[in-house]
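Peer 1: Shown below is the structure under consideration.
Every number in this text was worked out from the coordinates using simple rules, so none of it is lab data. This structure is a prediction, so every number in the text was calculated from the model and none was measured. Backbone-built Cβ (ideal geometry, glycine too); neighbour counts: all protein chains shown.
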Amino acid sequence: MAETVLETEGLTMRFGGVVAVDGVSLKVRARELRCLIGPNGAGKSTCFKCLCGLLKPTEGRVFLRGEETTGWDPHRIAALGVGIKMQVSSVMDGLSVQENIWMAARRHMDARAATDKAGEVIDRLALGAIARADLGRLAHGERQRVELGLVLAQDPWLVLLDEPAAGMTAEEVARMGDIIREMTRTAAVVVVEHDMQFIRSLASTVTVFHRGRVLVEDHVDRVMADPVVRDVYLGKGA
Amino acid sequence: MQGDARRDTGLAVILGAVLILGLPLIADTNMLTLLVVYGMLALSLGLIWGFGGILCFGQAAFFGLGAYTFAIAGINIGESTLPLILAVLVPAAAAALLGAFMFYGRLGDVYLAVITLVFSLILFRWLSTTAGPAYVIGNARLGGYNGIPGFPLLNVPGYPRWELWGDPLYYVAAAALLIVFLLVSWLLRSSFGRIAIGIRENEERVSLLGYDIRARKTVLFAIGAGIAGLAGALFAAWAEVVTPSLFGLQQSAEIIIWCIVGGLGTRFGPVLGAAVLTWVKIVLGGQGAIDNMLVMGLILVLFVLFLPRGIAPELARLWGWVTGGTRRPARRRAPRGGTADG
């Protein structure tokens, strides 16, 4: 069994009277691909933010590679070797693609090595044609791809992606799937996602969130066949 | 990259030398010294605001602190070398403390602007009340509203009797500005500078890449304050008196106007903006018909409306147009950015 790289213990996040995440315990192993799914408001994005330090959980603990990181600032978590991509594409608009990716690589290597690394990532993601263009002028799909480039350039052992396929064309989604599968060769990948087709194409273990709790955790095909999950998604009988 | 940097440095040195040696032929060096000092002050804000995204409304505080430190240390020490160094370090240390408080406290941009402004106004008010003999630092009386006159001027290091004023002061100040300009250029090319620009563009993203933006912004803020402090010391050596008005609201506002008019996000723009506007102000100062601040405000409004990117980027575009458009500045954004800007 591969080592556990991400673990939460009774993770709880309350906003006033609302319990967005309620006692979630997760375990993700090295090089595993894990999708977190659930209807709107199920708490998956809030849980995601607790993992990457953007929210401080009300209760519970987070461990990354055995080290407790509960309440750490995002930059300390990222500096451990965790690649993070938020739901809304977030890049340095005024800078070029090369500059953006260089900055991600520079964190853990010197300037010259980072330049080489940026070149490598640009080739890998086929961004060569737009390497000198400012991010602010790129299309949504291209920006998403550059942001994945930022994650790749960090050489992470854990990747956290929040809705990476949102708003992309079918072709771009397919390419995104390939990139994510390739990432699992060196890193565990946790994907928060809405798009069921995309999740099916990734064919991974799925954790279903409902009302802040974990409903089921199983392989995607069995989860899809589960009548309870269907009810939750379609809003029947619950 | 390397070749670009060398060409950039070479161009700055040649252009700087030509300006330093050429301007005294057409203008009085006494006035030019003031333009140089204000140019350096504008450069300090241009660095932290234009490249670091830190809008400091109280850059005058560090300018004034530099000037007062130079005067007070000069009276106590006599020779100007150590006071000059202190005039850089004291404002930088003050900015590091204030910056750490603001950045680690995660204050938003608006609060940051307000706090820096209030910081400078507090110094202004407090120094204005220090008239009595009780307010002394060593042998230096703070002098309240009248400030501190009669401190030792800038001298050749190690020779307190060889004071620099008039033409020599101009050349020293101008050379200092050129050196600071080159250091700022180098800083912006370094990893620290490039990441600072990244922070300006998207703070959250840079922190999610694993960089501690609070520490980086604090350091950049302190560097900017150090440059402002050096400008303050040179101002003190030029004016031969320091008064609380250095910390005033008008001074703070003017620095911001210089940066906007000159061109934010460029190195040369703020220097140019400060020099041109100060010159305009001196020329207008000779007549009593129009109020100076009114003209400054009008110029600011006109620039914001018609040349929002300032003088320097437009000059660069003109240069690119004249030389056949092979150079990159500004032109790239024109096609799509044009509509968005308007």
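Peer 1: Kirkwood-based Rg over Rh for the protein assembly as shown (C-alpha set), two decimals? Let's see the in-between values first.
Peer 2: Values: Rg = 28.5 Å, Rh = 26.8 Å.
Using only Cα positions, Rg/Rh for the protein assembly as shown is 1.06.
Peer 1: Rank-order B:51-64, B:22-35, A:203-216 by packing density, defined as the average count of other C-beta atoms within 10 Å over each peptide's residues, highest first.
Peer 2: B:51-64, A:203-216, B:22-35
Peer 1: Sticking with this one: Give me the inter-chain shielding for A:108-120: mean count of other chain Cβ atoms within 10 Å, whole number please.
Peer 2: Shielding by partners across A:108-120 averages 1.
Peer 1: Compute for chain A: radius of gyration divided by Kirkwood radius, i.e. Rg/Rh, restricted to C-alpha atoms, rounded to two decimals. Walk me through the numbers before you get to the answer.
Peer 2: Working: Rg = 17.8 Å, Rh = 18.3 Å.
For chain A, the value is 0.97.
Peer 1: Using the Karplus curve 6.51 cos²θ - 1.76 cosθ + 1.60 with θ = phi - 60°, work out ³J(HN,Hα) for each residue of the range B:107-120 in order, rounded to whole Hz, and write x for Gly and Pro.
Peer 2: 6, x, 4, 5, 5, 4, 4, 5, 5, 5, 5, 5, 4, 6
Peer 1: Summarise the partner chain shielding of B:210-221 as one whole number: the mean count of Cβ atoms from other chains within 10 Å of each residue's Cβ.
Peer 2: 3
Peer 1: In addition: Can you give the mean number of other chain Cβ atoms that lie within 10 Å of the Cβ atoms in peptide A:97-107?
Peer 2: Partner-chain Cβ atoms within 10 Å, mean over residues of A:97-107: 4.
Peer 1: On the first, second and third principal axes, largest extent first, how far apart are the outermost C-alpha atoms of the range B:1-46 in Å?
Peer 2: Extents along the principal axes: 39, 27, 8 Å.
Peer 1: Let me ask something additional. Which lysines have a Cα less than 17 Å from the Cα of residue A:85, not counting those fewer than 8 places away in the same chain?
Peer 2: Candidates past the 8-residue exclusion: A:44, A:49.
Peer 1: May I pose another question? When the dipole is taken about the Cα centre of the range A:86-144, and only Lys, Arg (+1) and Asp, Glu (-1) are charged at their Cβ, what size is it in debye, to the nearest 20?
Peer 2: About 60 debye.
Peer 1: For chain B, with a Gaussian network of springs between Cα atoms less than 10 Å apart, report the residue from B:168, B:152, B:83 with the top mean-square fluctuation.
Peer 2: Judging by the Gaussian network model, the answer is B:168.
Peer 1: Counting only helical runs of four or more DSSP H residues, what would the 222 nm mean residue ellipticity of the protein assembly as shown come to if each run contributes -39,500 (n - 2.57) and the total is spread over all its residues?
Peer 2: -18000 deg cm²/dmol
Peer 1: Run through the DSSP bridge list for the protein assembly as shown and note the antiparallel percent, rounded to the nearest 5.
Peer 2: Roughly 60 percent of the DSSP beta bridges within the protein assembly as shown come out antiparallel.
Peer 1: Let me ask something else. Could you state the orientation-averaged shadow area of the convex hull built on the Cα atoms of the range B:29-248, in nm² to one decimal? Present the calculation step by step, with values, prior to reporting the outcome.
Peer 2: Numbers: hull surface 47.4 nm².
Mean projected area of the Cα convex hull: 11.8 nm².
Peer 1: If the only charges are +1 at each Lys and Arg Cβ and -1 at each Asp and Glu Cβ, what is the size of the charge dipole of the range B:29-248 around the Cα centre, to the nearest 20 debye?
Peer 2: Here the range B:29-248 has a charge dipole of around 380 debye.
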